[in-house]
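Taken together, the values in this text are just the output of simple stated rules run on the coordinates, not laboratory data. Quick caveat, the model's predicted, so the values are computed rather than measured. Here the Cβ is made from the backbone with ideal geometry for all residues, glycine too, and neighbour counts use every protein chain on show.
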Amino acid sequence: MVCIRAEVLEIFQSKAARLTGTIDIYDAVRNTRIDSRDLGTEILFENYASTFQGDRRALSRDSRNRIGNSPQPFPQDEHMLMQAADRLKPEIRDELRRSRGIL
């Protein structure tokens, strides 16, 4: 029987950007709202980084997969918001196409 041991230092990085809004469709002649729909999306950055000291055999499969990863710089807020906006564009186009039936 052999006793094996390892100490793991794990870093979890996480950052999220959420972009939400409402599309309101108005009748310009009557100046009334015809339809209103909520839209939203979220961009998520996650990174695991780990190091260990001890016997590698003592590590779980998940720990072994994360060993060697290093902390990454967090994405800039503006970059994450632009990604979220790019993700929302097709949804906005679809909503506008659907609203043509209302008009």
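Per-residue HN-Hα couplings for segment 59-74, Karplus 6.51 cos²θ - 1.76 cosθ + 1.60 at θ = phi - 60°, whole Hz, x for Gly and Pro?
So the Karplus estimates, Gly and Pro as x, are 7, 6, 4, 4, 4, 4, 5, 8, 4, x, 5, 10, x, 10, x, 5 Hz.
Using the beta-carbon distance between ASN31 and LYS89 and R0 = 41 Å, what value does 1/(1 + (r/R0)^6) give for FRET efficiency, to the nearest 0.05? Before the final figure, lay out the partial values.
Values: r = 28 Å, r/R0 = 0.67.
The pair ASN31/LYS89 has a calculated efficiency of 0.90.
How far apart, in nm, are the 7 Å Cα→Cβ label points at ALA6 and GLU46?
2.1 nm
Can you give me the pair-distance distribution of segment 6-99, C-alpha pairs, 5 Å bins, whole percents?
Over segment 6-99, the share of Cα pairs per 5 Å bin runs 3, 11, 15, 12, 10, 9, 9, 8, 7, 5, 4, 3, 2, 1, 0, 0 percent.
Can you compute the label reach from ARG98? Point 7 Å from Cα along the Cβ direction, backbone N cut-off under 19 Å, restricted to segment 22-66.
22-27, 33-42
Nearest 10 degrees is fine. How inclined is helix 77-99 to the longest principal axis of the chain, computing both from alpha carbons?
Around 40 degrees separate the two axes.
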